[in-house]
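The values are calculated or read from the model by the stated rules, or taken from the named source; none is laboratory data. Bear in mind that the values here come from a model prediction, so they are computed numbers and not experimental data. Ideal geometry is used to build each Cβ from the backbone, glycine not excepted, and the neighbour counts take in all protein chains shown. The area values use the complete protein model at the heavy-atom level, side chains included, leaving out ligands, DNA and RNA. Shrake-Rupley method; radii C 1.70, N 1.55, O 1.52, S 1.80 Å.
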Amino acid sequence: MPQDSDPTARQAMPEFGGGPPLSHFEFWPAWLFYAPVWLWIVGLMVRYRSIRLPLIANVGFPVGGLVGERKSELFARLTGPERAHLPGYVVVTRTPESGDAALPRIAAQLAAARLAYPLVAKPDIGCRGAGVQPIRTSFDLVRYFRDFPEGEQFLLQRMVDVEGEAGVFYVRQPGASRGRVVSLTLKYFPKVVGDGHSTLRELIAVDPRAGRVRHLYLRRFHRELDQVLPAGTVQRLVFSGSHSKGAIFRNGAAHITPAMAARFDRIADAIPGFHFGRFDVRFADFAAFQRGKDFAIIEYNGAGAEMTHIWDSRMTLGEAWWTLCQQFSLLFAIGAANRKRGARPESWREFLQQWQREKSLVSRYPITR
(Lines give C-alpha, C1' and ligand atoms only; values in the text may rest on other atoms or scores of the structure.)
Protein backbone atom coordinates (compact mmCIF):
# COMPACT_ATOMS: atom_id res chain seq x y z
CA MET A 1 0.00 0.00 0.00
CA PRO A 2 1.22 3.54 -0.60
CA GLN A 3 2.21 5.38 2.51
CA ASP A 4 0.33 8.50 3.51
CA SER A 5 2.28 9.79 6.47
CA ASP A 6 5.70 10.25 7.97
CA PRO A 7 6.83 6.78 9.15
CA THR A 8 8.41 8.27 12.27
CA ALA A 9 5.04 9.66 13.34
CA ARG A 10 2.94 6.51 12.81
CA GLN A 11 0.95 4.89 15.55
CA ALA A 12 -0.46 1.51 14.57
CA MET A 13 -3.24 1.55 17.16
CA PRO A 14 -4.70 3.85 19.83
CA GLU A 15 -3.73 3.19 23.42
CA PHE A 16 -5.24 -0.05 24.64
CA GLY A 17 -7.02 1.43 27.66
CA GLY A 18 -7.88 -0.12 31.00
CA GLY A 19 -10.66 -2.40 32.07
CA PRO A 20 -10.90 -5.93 33.46
CA PRO A 21 -9.03 -8.78 31.76
CA LEU A 22 -12.36 -10.39 30.84
CA SER A 23 -16.00 -9.46 31.09
CA HIS A 24 -18.10 -11.99 32.96
CA PHE A 25 -20.05 -12.98 29.80
CA GLU A 26 -17.30 -12.89 27.15
CA PHE A 27 -17.03 -16.64 26.84
CA TRP A 28 -20.48 -17.76 27.87
CA PRO A 29 -21.98 -20.59 25.79
CA ALA A 30 -23.58 -19.14 22.67
CA TRP A 31 -27.04 -20.49 23.53
CA LEU A 32 -26.99 -18.62 26.84
CA PHE A 33 -25.59 -15.31 25.63
CA TYR A 34 -27.81 -15.03 22.54
CA ALA A 35 -31.08 -16.25 24.11
CA PRO A 36 -32.56 -12.74 24.72
CA VAL A 37 -31.43 -11.63 21.26
CA TRP A 38 -33.30 -14.52 19.66
CA LEU A 39 -36.46 -13.39 21.45
CA TRP A 40 -35.93 -9.93 19.92
CA ILE A 41 -35.47 -11.51 16.49
CA VAL A 42 -38.75 -13.43 16.87
CA GLY A 43 -40.43 -10.12 17.63
CA LEU A 44 -38.94 -8.62 14.44
CA MET A 45 -40.23 -11.56 12.42
CA VAL A 46 -43.73 -10.92 13.74
CA ARG A 47 -43.46 -7.16 13.16
CA TYR A 48 -42.30 -7.52 9.55
CA ARG A 49 -44.40 -10.64 8.87
CA SER A 50 -41.41 -12.50 7.52
CA ILE A 51 -38.68 -14.77 8.79
CA ARG A 52 -36.52 -14.48 5.66
CA LEU A 53 -35.89 -10.75 5.37
CA PRO A 54 -32.17 -11.06 6.37
CA LEU A 55 -31.67 -13.15 3.23
CA ILE A 56 -32.27 -10.05 1.06
CA ALA A 57 -30.39 -7.47 3.12
CA ASN A 58 -27.57 -7.67 0.57
CA VAL A 59 -29.17 -8.30 -2.80
CA GLY A 60 -27.03 -10.58 -4.95
CA PHE A 61 -25.11 -12.11 -2.04
CA PRO A 62 -25.98 -15.80 -1.53
CA VAL A 63 -28.66 -15.75 1.21
CA GLY A 64 -27.67 -12.15 1.89
CA GLY A 65 -24.28 -13.22 3.22
CA LEU A 66 -25.95 -14.69 6.30
CA VAL A 67 -24.11 -18.02 6.21
CA GLY A 68 -21.98 -20.13 3.92
CA GLU A 69 -20.90 -17.46 1.45
CA ARG A 70 -17.66 -17.91 -0.45
CA LYS A 71 -15.06 -15.25 0.21
CA SER A 72 -13.91 -15.47 -3.39
CA GLU A 73 -17.44 -14.66 -4.63
CA LEU A 74 -17.74 -11.66 -2.32
CA PHE A 75 -14.26 -10.41 -3.23
CA ALA A 76 -15.15 -10.64 -6.93
CA ARG A 77 -18.00 -8.17 -6.34
CA LEU A 78 -15.60 -5.41 -5.28
CA THR A 79 -14.69 -3.59 -8.49
CA GLY A 80 -13.20 -0.34 -9.72
CA PRO A 81 -10.52 1.77 -8.01
CA GLU A 82 -11.60 0.70 -4.50
CA ARG A 83 -10.47 -2.85 -5.29
CA ALA A 84 -6.94 -1.57 -4.62
CA HIS A 85 -7.77 -1.94 -0.91
CA LEU A 86 -8.11 -5.71 -1.37
CA PRO A 87 -4.80 -7.63 -1.15
CA GLY A 88 -4.12 -9.97 -4.06
CA TYR A 89 -5.15 -13.60 -3.72
CA VAL A 90 -5.58 -16.90 -5.56
CA VAL A 91 -8.12 -19.67 -5.02
CA VAL A 92 -6.66 -23.14 -4.53
CA THR A 93 -8.58 -26.41 -4.75
CA ARG A 94 -7.53 -29.23 -2.41
CA THR A 95 -7.04 -32.06 -4.89
CA PRO A 96 -6.32 -35.72 -3.99
CA GLU A 97 -2.62 -35.31 -4.78
CA SER A 98 -0.05 -34.75 -2.07
CA GLY A 99 1.00 -31.28 -1.04
CA ASP A 100 4.45 -31.79 -2.58
CA ALA A 101 2.89 -32.83 -5.89
CA ALA A 102 0.50 -29.86 -5.85
CA LEU A 103 3.22 -27.32 -5.02
CA PRO A 104 4.32 -26.59 -8.64
CA ARG A 105 0.71 -25.95 -9.68
CA ILE A 106 0.11 -23.61 -6.74
CA ALA A 107 3.45 -21.89 -7.32
CA ALA A 108 2.38 -21.18 -10.91
CA GLN A 109 -0.91 -19.66 -9.64
CA LEU A 110 1.01 -17.45 -7.23
CA ALA A 111 3.48 -16.36 -9.89
CA ALA A 112 0.66 -15.48 -12.30
CA ALA A 113 -0.91 -13.32 -9.57
CA ARG A 114 2.49 -11.81 -8.65
CA LEU A 115 2.24 -13.13 -5.12
CA ALA A 116 5.07 -14.35 -2.91
CA TYR A 117 5.57 -15.44 0.70
CA PRO A 118 4.46 -14.48 3.29
CA LEU A 119 0.82 -15.31 2.60
CA VAL A 120 -2.33 -15.98 4.57
CA ALA A 121 -4.32 -19.16 3.98
CA LYS A 122 -8.05 -18.98 4.70
CA PRO A 123 -10.94 -21.28 3.79
CA ASP A 124 -13.16 -19.99 0.99
CA ILE A 125 -16.17 -20.89 3.15
CA GLY A 126 -15.74 -20.15 6.83
CA CYS A 127 -16.44 -17.88 9.78
CA ARG A 128 -14.91 -16.58 13.02
CA GLY A 129 -11.35 -17.08 11.79
CA ALA A 130 -11.72 -20.85 11.37
CA GLY A 131 -8.78 -22.40 9.56
CA VAL A 132 -6.79 -19.16 9.09
CA GLN A 133 -3.02 -19.63 9.13
CA PRO A 134 0.06 -17.61 8.15
CA ILE A 135 1.99 -19.27 5.31
CA ARG A 136 5.59 -18.11 5.39
CA THR A 137 7.31 -20.95 3.53
CA SER A 138 6.55 -23.73 1.05
CA PHE A 139 6.70 -26.15 4.00
CA ASP A 140 3.81 -24.28 5.67
CA LEU A 141 1.86 -24.42 2.41
CA VAL A 142 2.37 -28.17 1.93
CA ARG A 143 1.24 -28.81 5.51
CA TYR A 144 -1.85 -26.63 5.13
CA PHE A 145 -2.75 -28.29 1.82
CA ARG A 146 -2.37 -31.73 3.45
CA ASP A 147 -4.62 -30.83 6.40
CA PHE A 148 -7.34 -29.13 4.34
CA PRO A 149 -10.55 -31.07 3.45
CA GLU A 150 -10.23 -32.75 0.06
CA GLY A 151 -12.31 -31.25 -2.73
CA GLU A 152 -12.71 -27.89 -0.98
CA GLN A 153 -11.18 -24.50 -1.75
CA PHE A 154 -9.01 -22.10 0.18
CA LEU A 155 -7.53 -18.69 -0.56
CA LEU A 156 -3.89 -17.70 -0.47
CA GLN A 157 -3.81 -13.95 0.08
CA ARG A 158 -0.95 -11.50 0.35
CA MET A 159 -0.13 -11.07 4.04
CA VAL A 160 -0.61 -7.58 5.44
CA ASP A 161 1.81 -8.07 8.32
CA VAL A 162 1.16 -4.93 10.34
CA GLU A 163 -0.02 -4.41 13.89
CA GLY A 164 -3.21 -2.41 13.28
CA GLU A 165 -6.49 -4.23 12.70
CA ALA A 166 -10.11 -3.16 13.04
CA GLY A 167 -13.65 -4.28 12.23
CA VAL A 168 -15.71 -1.61 10.47
CA PHE A 169 -19.47 -2.20 10.55
CA TYR A 170 -21.24 -0.36 7.77
CA VAL A 171 -24.96 0.10 7.10
CA ARG A 172 -26.77 1.85 4.24
CA GLN A 173 -30.51 2.02 3.65
CA PRO A 174 -31.51 0.86 0.14
CA GLY A 175 -31.76 3.84 -2.19
CA ALA A 176 -29.69 6.12 0.04
CA SER A 177 -26.59 7.80 -1.38
CA ARG A 178 -24.68 7.46 1.87
CA GLY A 179 -24.43 5.04 4.74
CA ARG A 180 -23.00 5.01 8.27
CA VAL A 181 -20.15 3.37 10.09
CA VAL A 182 -22.17 2.23 13.10
CA SER A 183 -19.46 0.27 14.89
CA LEU A 184 -15.66 0.26 14.99
CA THR A 185 -13.86 -2.55 16.78
CA LEU A 186 -10.16 -2.18 17.49
CA LYS A 187 -8.33 -5.52 17.62
CA TYR A 188 -5.29 -6.22 19.73
CA PHE A 189 -3.13 -9.35 19.63
CA PRO A 190 -2.12 -10.75 23.03
CA LYS A 191 1.57 -11.42 23.58
CA VAL A 192 3.78 -12.85 26.27
CA VAL A 193 7.41 -11.89 26.85
CA GLY A 194 10.09 -14.43 27.73
CA ASP A 195 12.06 -14.11 30.96
CA GLY A 196 14.75 -16.73 30.24
CA HIS A 197 13.46 -19.39 32.64
CA SER A 198 9.68 -19.78 32.16
CA THR A 199 8.16 -22.03 29.51
CA LEU A 200 5.56 -20.74 27.09
CA ARG A 201 2.95 -22.75 28.99
CA GLU A 202 3.90 -21.01 32.24
CA LEU A 203 3.92 -17.55 30.63
CA ILE A 204 0.42 -18.11 29.28
CA ALA A 205 -0.78 -19.38 32.65
CA VAL A 206 0.36 -16.30 34.59
CA ASP A 207 -0.88 -13.73 32.06
CA PRO A 208 -3.90 -11.90 33.57
CA ARG A 209 -6.10 -12.53 30.51
CA ALA A 210 -4.52 -15.41 28.58
CA GLY A 211 -4.29 -17.46 31.77
CA ARG A 212 -8.10 -17.36 32.09
CA VAL A 213 -8.73 -18.52 28.53
CA ARG A 214 -5.65 -20.65 28.05
CA HIS A 215 -7.65 -23.26 26.10
CA LEU A 216 -7.64 -20.80 23.18
CA TYR A 217 -3.85 -20.98 22.93
CA LEU A 218 -2.63 -24.33 24.28
CA ARG A 219 -3.71 -26.44 21.32
CA ARG A 220 -2.30 -23.91 18.86
CA PHE A 221 1.15 -24.02 20.51
CA HIS A 222 1.20 -27.65 21.61
CA ARG A 223 4.66 -28.21 20.10
CA GLU A 224 6.22 -25.17 21.80
CA LEU A 225 4.52 -25.16 25.19
CA ASP A 226 7.44 -26.64 27.12
CA GLN A 227 10.10 -24.50 25.48
CA VAL A 228 11.71 -21.72 27.53
CA LEU A 229 11.44 -18.31 25.88
CA PRO A 230 14.71 -16.34 26.00
CA ALA A 231 14.56 -13.11 27.99
CA GLY A 232 12.92 -10.33 26.00
CA THR A 233 11.52 -12.63 23.31
CA VAL A 234 7.98 -11.60 22.37
CA GLN A 235 5.56 -14.39 21.44
CA ARG A 236 2.33 -13.34 19.78
CA LEU A 237 -0.42 -15.73 20.85
CA VAL A 238 -2.79 -15.38 17.89
CA PHE A 239 -2.43 -14.37 14.25
CA SER A 240 -6.11 -14.23 13.31
CA GLY A 241 -8.00 -11.14 14.49
CA SER A 242 -10.88 -13.23 15.79
CA HIS A 243 -12.23 -12.88 19.33
CA SER A 244 -13.16 -16.56 19.48
CA LYS A 245 -9.53 -17.44 18.67
CA GLY A 246 -8.06 -15.16 21.34
CA ALA A 247 -7.72 -11.63 19.94
CA ILE A 248 -8.73 -8.78 22.28
CA PHE A 249 -11.42 -6.34 21.17
CA ARG A 250 -12.00 -2.72 22.15
CA ASN A 251 -14.85 -0.35 21.28
CA GLY A 252 -13.43 2.23 18.87
CA ALA A 253 -16.61 4.27 18.24
CA ALA A 254 -14.94 7.46 19.49
CA HIS A 255 -12.39 7.18 16.67
CA ILE A 256 -14.85 7.09 13.74
CA THR A 257 -14.34 10.09 11.45
CA PRO A 258 -16.29 11.61 8.52
CA ALA A 259 -13.36 10.81 6.21
CA MET A 260 -13.45 7.16 7.25
CA ALA A 261 -17.21 6.99 6.67
CA ALA A 262 -16.84 8.66 3.26
CA ARG A 263 -14.24 6.10 2.20
CA PHE A 264 -16.51 3.21 3.14
CA ASP A 265 -19.35 4.88 1.23
CA ARG A 266 -17.16 4.65 -1.86
CA ILE A 267 -16.23 1.05 -1.10
CA ALA A 268 -19.89 0.12 -0.62
CA ASP A 269 -20.68 1.81 -3.95
CA ALA A 270 -18.15 -0.54 -5.55
CA ILE A 271 -19.89 -3.69 -4.22
CA PRO A 272 -23.22 -4.16 -6.04
CA GLY A 273 -26.06 -4.94 -3.64
CA PHE A 274 -24.12 -4.27 -0.43
CA HIS A 275 -26.08 -2.61 2.39
CA PHE A 276 -25.14 -4.31 5.64
CA GLY A 277 -21.95 -5.94 6.88
CA ARG A 278 -18.49 -5.67 8.38
CA PHE A 279 -15.12 -4.98 6.80
CA ASP A 280 -12.05 -6.36 8.56
CA VAL A 281 -9.11 -4.12 7.76
CA ARG A 282 -5.41 -3.85 8.55
CA PHE A 283 -3.20 -0.76 8.61
CA ALA A 284 0.20 0.42 9.81
CA ASP A 285 -0.91 3.94 10.72
CA PHE A 286 -4.19 4.49 12.55
CA ALA A 287 -4.29 8.23 11.81
CA ALA A 288 -4.02 7.50 8.08
CA PHE A 289 -6.81 4.95 8.39
CA GLN A 290 -8.97 7.60 10.06
CA ARG A 291 -8.37 9.77 7.00
CA GLY A 292 -9.62 6.91 4.83
CA LYS A 293 -6.17 6.06 3.49
CA ASP A 294 -3.53 3.31 3.57
CA PHE A 295 -5.52 0.30 4.74
CA ALA A 296 -6.20 -3.15 3.36
CA ILE A 297 -9.51 -5.02 3.44
CA ILE A 298 -8.53 -8.53 4.44
CA GLU A 299 -12.14 -9.77 4.54
CA TYR A 300 -15.73 -8.60 4.47
CA ASN A 301 -19.07 -10.27 5.05
CA GLY A 302 -22.77 -9.53 4.95
CA ALA A 303 -25.89 -10.30 6.95
CA GLY A 304 -24.07 -12.75 9.21
CA ALA A 305 -21.69 -10.05 10.47
CA GLU A 306 -21.71 -8.88 14.07
CA MET A 307 -20.90 -5.58 15.77
CA THR A 308 -17.91 -7.09 17.51
CA HIS A 309 -17.22 -4.20 19.88
CA ILE A 310 -19.66 -6.00 22.20
CA TRP A 311 -16.70 -8.19 23.21
CA ASP A 312 -14.87 -5.27 24.80
CA SER A 313 -14.34 -6.42 28.40
CA ARG A 314 -15.59 -3.01 29.59
CA MET A 315 -19.00 -3.58 27.96
CA THR A 316 -21.90 -4.45 30.24
CA LEU A 317 -24.18 -7.36 29.43
CA GLY A 318 -27.15 -5.04 28.94
CA GLU A 319 -25.16 -2.86 26.53
CA ALA A 320 -24.08 -5.90 24.53
CA TRP A 321 -27.62 -7.25 24.26
CA TRP A 322 -29.03 -3.85 23.28
CA THR A 323 -26.34 -3.41 20.61
CA LEU A 324 -27.22 -6.75 19.02
CA CYS A 325 -30.94 -6.01 19.18
CA GLN A 326 -30.34 -2.73 17.34
CA GLN A 327 -28.13 -4.54 14.83
CA PHE A 328 -30.91 -6.98 13.97
CA SER A 329 -33.45 -4.17 13.82
CA LEU A 330 -31.31 -2.53 11.13
CA LEU A 331 -30.94 -5.86 9.32
CA PHE A 332 -34.70 -6.46 9.15
CA ALA A 333 -35.44 -2.86 8.18
CA ILE A 334 -33.00 -3.11 5.27
CA GLY A 335 -34.47 -6.44 4.20
CA ALA A 336 -37.97 -4.93 4.31
CA ALA A 337 -36.84 -1.98 2.18
CA ASN A 338 -35.33 -4.33 -0.38
CA ARG A 339 -38.55 -6.36 -0.38
CA LYS A 340 -40.45 -3.20 -1.34
CA ARG A 341 -37.97 -2.72 -4.17
CA GLY A 342 -38.83 -6.16 -5.55
CA ALA A 343 -36.20 -8.42 -3.99
CA ARG A 344 -37.27 -11.95 -3.13
CA PRO A 345 -35.42 -14.17 -0.65
CA GLU A 346 -34.02 -17.59 -1.41
CA SER A 347 -35.74 -20.61 0.07
CA TRP A 348 -35.14 -21.86 3.58
CA ARG A 349 -33.93 -25.07 1.96
CA GLU A 350 -31.10 -23.14 0.29
CA PHE A 351 -30.28 -21.36 3.54
CA LEU A 352 -30.21 -24.60 5.55
CA GLN A 353 -28.02 -26.32 2.96
CA GLN A 354 -25.49 -23.51 3.14
CA TRP A 355 -25.58 -23.42 6.94
CA GLN A 356 -25.09 -27.18 7.22
CA ARG A 357 -22.24 -27.13 4.71
CA GLU A 358 -20.45 -24.34 6.55
CA LYS A 359 -20.88 -26.03 9.92
CA SER A 360 -19.54 -29.32 8.56
CA LEU A 361 -16.52 -27.69 6.92
CA VAL A 362 -15.52 -25.54 9.90
CA SER A 363 -15.15 -28.66 12.05
CA ARG A 364 -12.69 -30.14 9.50
CA TYR A 365 -10.40 -27.19 8.88
CA PRO A 366 -6.78 -26.99 10.07
CA ILE A 367 -6.11 -25.39 13.45
CA THR A 368 -6.33 -21.59 13.41
CA ARG A 369 -2.98 -19.97 14.16
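Results, tabulated for the structure shown:
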item	result
For the range 1-132, alpha-carbon Rg relative to the globular expectation (2.2 N^0.38 Å, N residues)	1.51
Coarse-grained scattering of the range 269-330 at q = 0.12, 0.19, 0.21, 0.24 Å⁻¹, given as base-10 log I(q)/I(0) from a Debye sum over alpha-carbon atoms	-0.41, -0.92, -1.01, -1.06
Loop-located GluC sites (Glu not before Pro) in the range 272-347, at most 10 other Cβ atoms within 10 Å (DSSP)	none
In the range 72-115, the trypsin sites (Lys or Arg not before Pro) that fall in loop regions by DSSP, at most 13 other Cβ within 10 Å	R114
For the range 62-118, the Rg and Dmax computed from alpha carbons only, in angstrom	14.3, 38
Two-site FRET efficiency, S329 against R214, from Cβ-Cβ distance with R₀ of 35 Å, rounded to 0.05	0.40
Burial order of peptide ranges 58-64, 209-215, 161-167 (average beta-carbon count within 10 Å, highest first)	58-64, 161-167, 209-215
Mean Kyte hydropathy of -1.0 or more with a Cα span along the axis of at least 24 Å, helices from DSSP in the chain	317-340
Cubic angstrom per residue, convex hull over Cα atoms of the range 206-279	175 Å³
Per residue accessible area of the chain, 1.4 Å probe, in Å²	45 Å²
Expected-Rg normalisation [2.2 N^0.38 Å, Cα atoms] applied to the range 8-81	1.70
Pairs of Cα atoms farther than 21 Å apart, the range 80-197, %	52 percent
Restricting the range 332-367 to trypsin sites (Lys or Arg not before Pro) in coil, as DSSP defines it, with at most 16 other Cβ within 10 Å	R341, R364
Among P118, P149, P81: highest mean-square fluctuation, GNM of the chain, C-alpha pairs under 10 Å	P81
Set of lysines near K187 by C-alpha distance (under 29 Å), chain-local residues within fewer than 8 positions excluded	K71, K122, K245, K293, K359
Cα-only Debye scattering, the range 181-340: base-10 log of I(q)/I(0) at q = 0.14 Å⁻¹	-0.84
Range of Cα positions in the range 128-177 per principal axis (Å), largest first	48, 31, 17
D (Stokes-Einstein, µm²/s), Kirkwood Cα radius, the range 137-240, 1.567 mPa s at 4 °C	75 µm²/s
